[in-house]
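In what follows, a single structure is set out as structure tokens and then discussed.
Taken together, the values in this text are just the output of simple stated rules run on the coordinates, not laboratory data. This is a predicted model, so every value here is computed, not measured. Methodologically, a virtual Cβ is constructed for each residue, glycine included, from the backbone with ideal geometry; neighbour enumeration extends over all protein chains shown.
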Amino acid sequence: MKSFLKARWERLKQRAFTIEKKEWMKGFRITYGVAWNLTFLLTIFLVLGGIFAGGVGAGYFASLVKDEKVRPASNMKQEIFHYEETSKLYFADNIYLGKLQSDIDREEVSIEEVSDHLKKAVIATEDEYFYEHKGVVPKALMRAVFQELTNSSVQTGGSTLTQQLIKNQILTNEVSFDRKAKEILLALRLEKFLEKDEILEAYLNVSTFGRNSSGQNIGGVQAAARGIFGVDAKELNLPQAAFIAGLPQSPFRYTPFANGGGLKEESLLEPGLNRMKTVLARMRAEEFITQKEYEEAIHYNIVGDFIKPQPRAYEQYPYLTEEIERRGITILMEILAKKDGYSEKDLQKDKGLYNKYETLARRDIRHNGYHIHTTIHKQIYDTHQKVKDEYNNYGYTKVRQERNPETGKLEKIKEPVQVGAILIENKTGKILSFVGGRDHKLEATNHATKAKRQNGSTMKPLLVYAPAMEMGLSAPGAVVADIPLSTGGKVFRNYSGRYYGLVSSRKALAHSYNASAVYTYLKTVNNNPAAYLEKMGFTTLTKADHTNIAAALGGVEDGVTVEENTNAFTTFANGGKFIDAYMIEKITDHDGNIIYEHKAKPVDVFSPQTSYLMIDMMRDVLRYGTASAVPGMLKFSADWAGKTGTTNGPNDAWFVASNPNVTLGAWIGYGKPAPLSTDGSEGRRNLNIWARLMNGAYDAAPDLVKPKERFKMPGGIVRRSYCGISGMLPSKACSAAGLVQSDLFNAKFVPTKVDNSLGNGRYVMIKGKKYMALPSTPQEFTKPGGMLSPEFVKQISLGRAINPAYLIPDNDPRWKNLLAAGAIMQDDGKAPASVSTTMSNGLLTWNESPSHDVVGYRVYSGSGKRVASIASGSSLSYRAGGGSYYVVAVDIAGRESAPSNKMETKQVNKPAKTEDTQKKQTEVDKNKDKDNNKEQQAPTPPAPNTPPPKKEEPKEEPKDQQKDDGKKEEPKEPNQGGNDGNGNENGGNPVPDKKEEPNQ
């Protein structure tokens, strides 16, 4: 029973378990079914939701980029690699000068020229998956989106290097989903046609890296390496590379340099140093460096590698870099305009068009990384700047007071004498060097290439003599009348206040006679000689300059630059061909492709014969003329030809001279025209600075500056004799007068007519001056002499009514017997005043008659017999015998004065003459005869309505401008030809140069 119950119990338990199991299994199956169904439904929901969300996201993404057109690969490449790069400048012979001034200093570098340390540092810091992703890293992007949505304080970034490149080069820095969507799309596209190293190279060139040691903003790793550590990007060591790689995150916070240049304070260096350590840590984490390299780099003294501020090209060479940029912009303007179908003339005519292309060219030259090669010879240029700085005799520095607009206080403004000079190679037109001014910080105007000033007498060869010779109206031996001339209400005078009569063009140019130049110009002005100036590069001539007589003396309205003036003189050195001076040899892009190369375009201006004759005339300027002191100042000898010049004031002093190799022009003056001196020393000072600049050029490049040969005479040049009175072939009368000269001529324009200027006549001397004898003039007081015919006087005076006496040169013994027709003493109709006599030891003497027209004196015996006739100007005495005598004065009409008082002397027995007394008597007689025939020249009497010539006094360089009112007192000029040794256009005798004095 017990066993039965037990078995029963076991069966019940088993049944209960089975039932329970079945119930559990049923419940499990139900639960499982429900759970599975719910899971399935949830999965379907999530999938459908995902699909829906993805569709919505995709649709939203599509809506953001719907306006972004598919960009051609070529266009994207162009935009990616078109980053702002500073243009580089070069001296001649490919010598590096520096960079143009720009907002950011950038220099392109290829990936091969970048340190491996730097490439790894940038990848570890900015994009660890760079070589794995296809432009975008989804995980990083989602993380960045999450951080953006949750406003996380720690931002790890989600942009790859590719995205950053797209943002910097194609899009903007705008923070928006729209820009981000386009960035992702373009990054994915860019990765399809650019290699990873191409992308990395572009990134390394595009990114900004703070400031360099001079305080200038820098872009690209090459500019960063050079500007921070003074090495190329390929030479960076590990810590240097890590420092640079950390900069792009916050360039101006991490940069070690202050805004004005130089290191920041020590505390401000810490952020950059800590950033470098972060970069090194990431490089270690990516296993780009070993632990040992990491430890060494962490403890490296990077601060010791930071370089000191470096002189920038536009600070070291301000005048030069500005001039190169200005010329480069002009060249690029024409290139850009030409691409659009516009010519240079179109730009000049349309100001709006000009401004447009100037703006484009200015941006182009500063952003496109051009390599601009110039003609400037570095050694000569550096030497010239040193010479300019060391020269201490420019003259007085003016000081004026000006109110500061910010502070309202009066401040002293210095105005030193400025200088402008330029050296040009004749045969090529290369500008080898120039001096733009004394101090760019004080005055930035380039006085060599930009400032325009009147060029004084340096205009005479260019506008007067060379055009006249080309027209066949002048020659070195052409005779000009240096006489008073007035035209257009202006009176043109020589600086000395004197006139020099009939002189050769050669002599007139050597001594810079103004009246002679005007005289010659009047012969040509109706033939528009100013057209020759325009052929020689003068760009600022006005319509009035073509007819204004003052232009012959440099009085052009707008003035000319030192470059234009000097460049024009090279025409003569080049045999009459004008070769426009230039400074930019070529321009290449950063790939070395030539986008511009200079090509000379010679312009025929003068014949070789005219050019050589002009050179030969200008040689005399340095031989005996206004620049005769220059050869003695130079370290080397050469065949020199040149011209000095000054302007009214004197406000400007010029000197331009050529040898067969080079031409150097120099100018001094105040920035705002004002008198340079009161003592005429400005010419000497300018000649001194010219000579020093030339000596400096010789020291720097002797083979370039010193020629091996002289100027070569072309065919068609002949030497001919001519009459110095008229310039015609010599006549017998001219030969007899001793006035035959010879000079060089263009064979096409040799004299063909025989001189007809002279006739025979008789003259008298009155108070040391020659006058024509009247028909009633007693012949005993007259002398025979050559006489200028009235017809010739009228012809040589250009039909102007002048006093013929102005035609006779003073102090020239060859003219002593020549009488100018018209030098007539008019009969006043009155007898001359009487004289008083005295007697001593048988010598009768008397005083000179106060009358103005006395030609001589007659001595009568007491019986009324004439015993002697003494011409005016001779010794007023007579050795009388025994008896009484009296004297009368005789005027030009033959009238006698009342008799003088009578004087008596007794007959005395003369002692026998010894040999000594006979010799003494002979000397007395000779001297008496000499006195009787002595011919003195005095200042010529003035013509009607013409102020008389003033007494000459040695002064400095003649001012080469006209005087408008004729009332100003003009300094005087010395008698003789030559130079005073100080370069002054006064024809003075050479004297030693004065010791230079420091600026006042």
*Taking the alpha-carbon centroid of each part, what is the distance from segment 879-901 to segment 480-518 in angstrom?*
45
_Pair Q249, Q348: separation of 7 Å Cα→Cβ label points (nm)_ = 5.9
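Output the pairs from K409/K441; K412/K672; K234/K277; K414/K441; K167/K234 with a Cα-Cα distance over 18 Å in this structure; if there are none, say none. Mind showing how you got there, number by number?
On the way: K409/K441 21 Å; K412/K672 16 Å; K234/K277 21 Å; K414/K441 12 Å; K167/K234 27 Å.
Flagged as over cut-off: K409/K441; K234/K277; K167/K234.
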*If you find the alpha carbon centre of segment 529-564 and of segment 273-301, how far apart are they in angstrom?*
70
*Find how many whole Å separate the alpha carbon centroid of segment 214-249 from the alpha carbon centroid of segment 581-647.*
46
_Set the bar at 25 Å for Cα to Cα. Now go through K182/K356; K490/K753; K339/K601; K345/K452; K88/K450 and name every pair that lies beyond it._
K182/K356; K490/K753
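Order these peptides, 338-346, 880-888, by their mean beta-carbon neighbour count within 10 angstrom, highest first.
Details: 338-346: 11.6, 880-888: 18.2.
The packing order, highest mean first, is 880-888, 338-346.
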*Starting from the Cα of D639, step 7 Å along the direction of its Cβ; do the same at S875; then give the gap between the two resulting points in nm.*
5.6
*Note the full-extension length gain between T487 and L798 as 0.36 nm times their separation in residues minus their Cα-Cα distance, in nm to one decimal.*
110.7 nm
*Can you pull a Stokes-Einstein diffusion coefficient for segment 758-819 at 37 °C (0.692 mPa s), Rh from Kirkwood over Cα pairs, as a whole number of µm²/s?*
262
*Taking 7 Å along the Cα-to-C-beta vector as the label spot, tell me the A831-E315 distance in nanometres, rounded to one decimal.*
9.6
*Cut-off under 5 Å, modelled amide H: who pairs with G98 long-range*: L89
*Determine the gain in length on full extension of the stretch K712-A281; use 0.36 nm per residue of separation and subtract their C-alpha separation, reporting nm with one decimal.*
147.5 nm
*What residues have an amide H closer than 5 Å to that of R879, excluding those fewer than 5 places away on the same chain, when H is modeled at 1.01 Å from N in the peptide plane?*
L844
*Highest first, please rank the peptides 862-870, 738-746 by the mean number of other Cβ atoms sitting within 10 Å of their residues.*
738-746, 862-870
